[in-house]
Each structure stands twice: as structure tokens, then as C-alpha cells.
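Everything on this sheet refers to the single structure shown next.
The values are calculated or read from the model by the stated rules, or taken from the named source; none is laboratory data. Quantities reported herein were computed from a predicted structural model and do not represent experimental measurements. Quick reminder, even Gly has a Cβ in these numbers, built from the backbone with ideal geometry, and neighbours come from all protein chains shown. With ligands, DNA and RNA removed, areas are computed over all heavy atoms of the protein, side chains included. Shrake-Rupley method; radii C 1.70, N 1.55, O 1.52, S 1.80 Å.
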Amino acid sequence: MFEKINQVRNELQGYSQENLARKLPLLNTLLQRHYDAQAEVDIERARYMTQYFRQTDPQEIPMPIKRAEAVASYLSNRKIVFHDNNRLAGATTSKSLGAPLYPEFFGLSIWPELGTISTRKDNPQILSKKDADILNFEVFPYWMDKSISEEVRKVDPQRQALLEKMIIYTISKAATISHTTPAYELVLEKGIKAIMDEAAQKEIQFQNDTKKSVFYQSVRIAMQGILDYAANISEQAQIQAESETDPERKANLLKMAQICKNVPVNPPRTYHEAVNSLWICQVCVFAENSNMAINPGRIDQLLYPYFIKDYNAGLLTVEEALNISGSLWLKLADNVNLVPQAAEKLFGGAGAVPAVTLGGVDKDGEDAVNELTYILLKITELLPIQDPNVNARYHPEKNSVEYRNEVSRVILTNKAIPAFFNDIENISTLVNQGETLEHARDYAVIGCVELGSAGRDYSASSSIFMMMYTVLYMTLHNGRTTVTGDGPLWEATGDPADFTCFEDFWEAYRKQTRHMADNAVALNNTYGQKHQEFLQTPLLSGIFKGPMEKGKDLIDGGAVYNSSGVTHIGFADVCDSICAIKEICFNPDNTDMAMSLPDLVRAVDNNFEGDDLLWAYLENKAPKYGTDHPVAAEISQKLIQLGFEVFHTQKNYRNGNYRVAYCTMPN
């Protein structure tokens, strides 16, 4: 194996960003087109979903069936496009770079911006007048009282109103049910037809159990949409090839027509088929769930058997493997999120964040780095694009120094990616959170940095975004926020003038954190319950581990693991702020800078006007997160422990636990 790895590594040394145009002209052309593409709002899915639900509203159809039929209808009828000469067939939207619109989720949030979204300063997304009119007069009016946010408002208007302030907490289920990694290996090993056959058999087996029978029926219906979509691609590629005069494009269209006749209906026979099968399924998942952090997973593991078989047989060269793999990278980047101006400011132009995970160890704890790992690292180097989010797992006791150095070299070349993940710590963390050792070893990165066992953990890892800076503000203003009036939001936890010691301040902060957690969890669980009523996920459930065995949709707890994630926003800033409070207000030994807590709060509220000395101290001498200062270490640990205490013991709507994470974002 090592000899073969070295052989591939030696071949890869001949490729660089500097010679991409000469050595891999296809990828160079695709990359330049990607750079030149302007994001466009795509309303195709929104129109089909609206038409289906409007037509079937009077009918008494179980919601899982309606949901499956709506998704299948869209997939069966959507426009087939070949935007360029990419080696892979299928596209997220009908646009070259598309922002798909999901009216049942967060799509209506752009209603007030239909006339400005094309020209807004931050991340404009082109929307034609014709499409804007369709949204304004056909799509949005139907969903205005039926979107998931409006369904939640009917039962919890107060917490929903706080969500819309966007400085208390946010709940991602308003926009998506995502942040997870499908079990694409099921499609590669069995093919969609076999999964459908299994669903049909179980539908008969459980015909006396209405809920299970409906679930299996919904899986079968949704997956028919995948087969129809692939068949339509094959047919359209064949038609276009017949009139194509460019020899290279003609050959590529004919190849895609051939590939899509076999996959994903059947297991793939080649590396090219395997990659295209995975990609088509990724596209089809977006027909059901919005395009946010649905992750391809550990593709150097999933696709390796097909790669090495073709490579050993002389049917696949390193150059063609780079072309096919690079085509996948650029396909994964063919879509962006559709968000209103306010969310754009919050998330800072973040992409759809499909996370690819490479390297690490296998389920037995042995070195999982292979020849394909190095090819995909090379693609990451050659194609410096925002998505996919590439992550390299590293186990210092199992993975080679050569692998570590190659990852480091790519990071230095690209100045950013891939991210490094410590297998020892991450596996231990997942085991501590209830996953078996074998499953924890098979973790994939989710979205930005989150972890979950690939294809087993329906993690919804960013279910809640908790604004830590708002908790701190409330602590220092007796429970009041800047957007909810003069009184306390939940509890008046004390005037800072009455805090005689740091423990008084910390107790107030702890109480406000608990209130924030309780309310955010309550709202998230309400959203989850509404998803269970209206937004089942039969297509994704069919390519996940657990639902087919349990006879349960993912949204009902069908996965092996059913966690939810809580992302704490502003951890470093809040840590630094609390360090400053402890040092300046409650440390009698601090002779550099001392003042009362009320005076410090006034200085902050006045943006340090006239307090240049205080600002200089905070900037240059106060304890800071990430340093060895003992106060910084103490406060960061207290914050982490507090987050664990208030969230980890609570249960989500799928009877899973809440996992805590920390993130830096613009605010």
C-alpha cells in the first residue's frame, strides 16, 4: 500500500496552481467560470412545491406522503441543465451559481427585499423581475401563514418574536433541517433501487402499523424522484450530444448519458460512476432539505474502493482522477444560501458549507489515509474556492508524518484550508457524548467545525445560536436588553452597583445563561415538533443509518444518534470581558487599573468616550482568552462548564442530547 501511495504522491508533485491551465485545462476553465459566476436566485423548486401543495390541499393525504410526493414531483420535472463541461451530471439549481429558495423554511424572509436583493451592497443575488413577480403573487402568498416560522408563531409567539430580534438567540430550523452527513455508502453499496425495494417489502411487512407503513411508503415515493431525475439527465445528455459539434463536449455528454443510466439506480461500477452517484444524491437531498451543511462526509473512504480498482486495472490515471475529483469540488460549490440582508450581516457571506473529511483512522482505529486522500488534498490545493469546506483528520499515533506534512503544505499554500482535526481528542469527545468507539472513529466534520458519526448522527449541529454577548449585556443591565424594552426580559438579576464581589456578578450571569438556555431549547423543540408535523424527510431518511431499521423518519428520531447542537457566539469576546470585570472591579491587588463595576458599565455604554486610559488598559494589559494568564484560563473554563451544565442535561424533541460548541462570528 505504501509503495502505491508513494507512486501516486510522486505523480501529484507535477501539478500546481501555477501550471493548472497547462496540465489540467478542464479544471482551469471550470475554475475561471466559477470565479466569474454571479449568484442568482433560483425559484424553480419553490414553484413546483407551491403548485403541488396548492393542488393537493383539499385532499386527505398523510403529510409524510404529501412531502414525499412534492419532492418527487420537483425532481421528476425539474429542468436538466449542463452549465459547462464538468465531468459530472446534475446541478443543485438551474443557474450556474444558484441560490435556491425554500418557501416552507426561511424563503419568505426576502419578501421585503425582492426589489433590492439584486443590488444590495453585501452579497447581491440576481433576481429577475419576472421571477420576483412569481414570488410576490404566486409563491409567497400561499406560504405566508404556512411556513415553519408561522406555524411556530401560532403556538409560541413570544419566543418566536425574540428569535426575530436576532440578538437573543436564533434557531436554524426556521431556515433548514440540516447540518448532518448522509450515509452515501448505502447508495454506493446497494443502489437506490435496492433501497426502494427494501422500503416496499417493509411497507407490506408493517401494513398493520399505519405510521411505519406510511414512513416506508414515503421513502419509496421520494426515492422515485431520484431515479426520474437521473433518467432525465441521461435522456437529455443523449439528446444534446446528438447535435453537439464540439468533440470533447459531445464525448462528455455521451459519457454522462451512459453513467446516469446505471447510477444511482444501481451500485457504481467505476470511480467516475461512484462520484457521480454521490453527487446526484447530494443534489436530490437539496430537493427536500435546504442547502446548508449537508456534507459529503469521508469521501476518501467512501470512494476509495472504486478508485483503487480502476487505478490498479489501468482504467484510471491520476490525471483523470484529478479531473473527476475536481469536477466534484466545483459541483459542490455550485450553490449559495439565500438569506435576507440582516442574516447576511450576521453570517458574513458564509457559503453552503458542505464539509469534506479526509484522513484519520478507520472504524478499527487504524490508519485510513490512502492514495485518494492525497489526490483530494491536491484538488484542495489546486482549486482555492470557498466550498467545499475541506477538513483533514490527523491521528498522531496512526497517521504518517508524510501525511501531516502534506496537509500542512496545502494549508500554507492556500492560507486557510484544510482545517486540522485531532483524532485522539475528537474520538474521545464523541465517546463521552454517547457514541460507540467504532462509530466515533468514523466521524465526519459537519458544516464549519462540528463532529458526528457519519451517516448515523442526525446531529442538527447548529440548531441553536446563543448570543453570549447578549447574556453579558443583560447581566450588566439587570436583565434588560437593547431591543426588548426598559424592563428585564426574563429576570432582574441585580443592579451591578449591588454586586459586592465577583461571585455576585457570576451568579447573575449564570442565571441569565440558564434563562437563555431554557427559552432557546423550548423554542427549538417547538420547531422540531412542527417539523415532525409538516416537514418530514423521507428521502434523506432512506440514505441514513437507523430509519429503515426503526421504521421512523429522521425527524422523529430514526437515526442511530439524535443530538442537537448549540453554538455559543462571541465566546472569546465575552471571556475577555469577564476577565476584565474580574481584574478591574474585583481584584484588590490590581494597582494598574481599578474602578467600580457601575463605572465600567457606564464607560462601555458610552463607547469609552473620555476613558482613553481604560481603553488602553483593556487593549494592552487586561487578561485575554488564548493566553496563559491564569484569570483567562479560569474564566474560559467556567464559561465552558456553564454551557455544558445548562444544555447537556436537556433533551431535544427527538429524545437526544444537546451538544455545546463555540464559534466566532461577526456581530
Subset of segment 357-381 that is without any contact (Cβ under 8 Å) to a residue 60 or more places away in the chain and among the acidic types (Asp, Glu) - its residue that is least open to solvent (accessible area, probe 1.4 Å): Asp367
Residue check, Asp133 exposed (fewer than 15 other Cβ atoms within 10 Å of the Cβ) and assigned to a helix (DSSP H, G or I): yes
Residues that are open to solvent by less than 10 Å² (accessible area, probe 1.4 Å) and not in a helix (DSSP H, G or I), drawn from segment 152-176: Ile168, Tyr169, Ile171, Thr176
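Residue-wise test of (1) open to solvent by 10 Å² or more (accessible area, probe 1.4 Å); (2) closer than 30 Å to Ala444 by Cβ; (3) part of a helix (DSSP H, G or I).
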position	(1), (2), (3)
Glu138	yes, no, yes
Ser178	no, yes, no
Pro182	no, yes, no
Glu189	yes, yes, yes
Ala194	yes, yes, yes
Glu203	yes, no, yes
Filtered residues of segment 241-264 (kept if free of Cβ contacts under 8 Å to residues at least 60 places away in the same chain, assigned to a helix (DSSP H, G or I) and either over 12 Å from Leu88 (Cα atoms) or in contact with a Leu (Cβ under 6 Å, 6 or more places away or on another chain) (or both)): Ala241, Glu242, Ser243, Pro247, Lys250, Ala251, Lys261, Asn262
Test result for Val401, under 22 Å from Gly546 (Cβ atoms), of a type in the set (A, V, I, L, M), free of Cβ contacts under 8 Å to residues at least 60 places away in the same chain and open to solvent by 50 Å² or more (accessible area, probe 1.4 Å): no
Qualifying residue in segment 631-648 (condition: open to solvent by 30 Å² or more (accessible area, probe 1.4 Å) and hydroxyl-bearing (Ser, Thr, Tyr)): no
Scan of segment 549-559 for residues that are in contact (Cβ under 8 Å) with a residue 40 or more places away in the chain, farther than 8 Å from Tyr458 by Cα and either part of a loop (DSSP other than H, G, I, E, B) or among the acidic types (Asp, Glu) (or both), ordered by number: Gly551, Lys552, Asp553, Asp556, Gly557, Gly558
Unique match (being part of a loop (DSSP other than H, G, I, E, B), at pLDDT 95 or above and not hydrophobic (A, V, I, L, M, F, W, C)) among Arg87, Arg33, Arg67: Arg87
Candidate set: segment 456-471, residues that are in contact with an Asp or Glu (Cβ under 9 Å, 6 or more places away or on another chain) and outside any loop (DSSP other than H, G, I, E, B); chosen: the one surrounded by the most Cβ atoms within 10 Å (Cβ to Cβ): Asp457
Answer residue from segment 596-630, given it is of a type in the set (Gly, Ala, Ser) and not in a loop (DSSP other than H, G, I, E, B) and is surrounded by the most Cβ atoms within 10 Å (Cβ to Cβ) among those: Ala603
Selection from segment 36-51 of residues that are assigned to a loop (DSSP other than H, G, I, E, B) and open to solvent by 60 Å² or more (accessible area, probe 1.4 Å): Gln38
